[in-house]
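Quick notes on the structure that follows.
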Amino acid sequence: MKYGVYTRMNRRIVSGIIFLMFLAASVHAQNGSGFLSDKNIFVLDVQDHFTTRELTRDASDNLIRNINKILDKANPDRVIYFQTIIRQLNISFKGIHLVPLPDLGYDKRLNFVGNFFIKKYKEDAFSAEATNQLLDKYKNGEIIVMGLMAEGSVTATVLSALGNGYSVVIIPETIEGKSTNSKERVLEKLQKKGAKIIHLSEIINP
């Protein structure tokens, strides 16, 4: 009789341990250890200059909300924010100089995780030497490209990443273009070049 009681108790204990392990794994996955844990995430040009001039308020709100959903689950050590510096010619008594535009800061609605921020002067994120240096230790990781604009920095960066041998993921809900049709054409083009298209709902539960 005692043996039977102990056996049932042991089974319950084992079952409890398995359940706790499953629960811990589920929580861990939800915190970015699943699909996003080994992904290098590029956040391109989510700056006031683009979000206020190129997008409507509703479009920018929706875009940044979706980007933040990914960032909240991402591995902070593998998130890189990119800031494009646009310079204009300034002529004065002191001479001719290239001066950065004034509203190039990151949009304040954007969440910040990790400590990697790179300035670039071209659309392609790989044009900045620091990008390759950061990626050296994660050479085999996929790259998720998010941000602005679909026709500019997103396209240039995705094509460059594919050309450098990286696997690239695009989440349509985390990029924006000049129009819906323009964005769809970009996605179709980049998918044909080898980029993977994965929707937000496939990564983050509603």
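Here the alpha carbons of region 35-202 define both size measures, Rg and Dmax, at 15.8, 57 Å. The Cβ shell under 15 Å around K196 holds other residues with a net charge of -1, Lys and Arg each +1, Asp and Glu each -1. Distances between placed amide hydrogens fall under 5 Å for V79 paired with I41, all partners being 5 or more residues away or on another chain.
For K120, nonlocal amide neighbours, meaning residues 5 or more places apart or on other chains whose placed amide H falls under 5 Å from its own, are Q83, T84, I85.
Contact order, relative form, for region 35-202: 25 percent (alpha carbon pairs under 8 Å, 6 or more residues apart, mean separation divided by residue count).
Any read-out appearing in this document is the output of simple, stated calculations on the displayed coordinates, not a laboratory observation. Quick caveat, the model's predicted, so the values are computed rather than measured. Ideal geometry is used to build each Cβ from the backbone, glycine not excepted, and the neighbour counts take in all protein chains shown.
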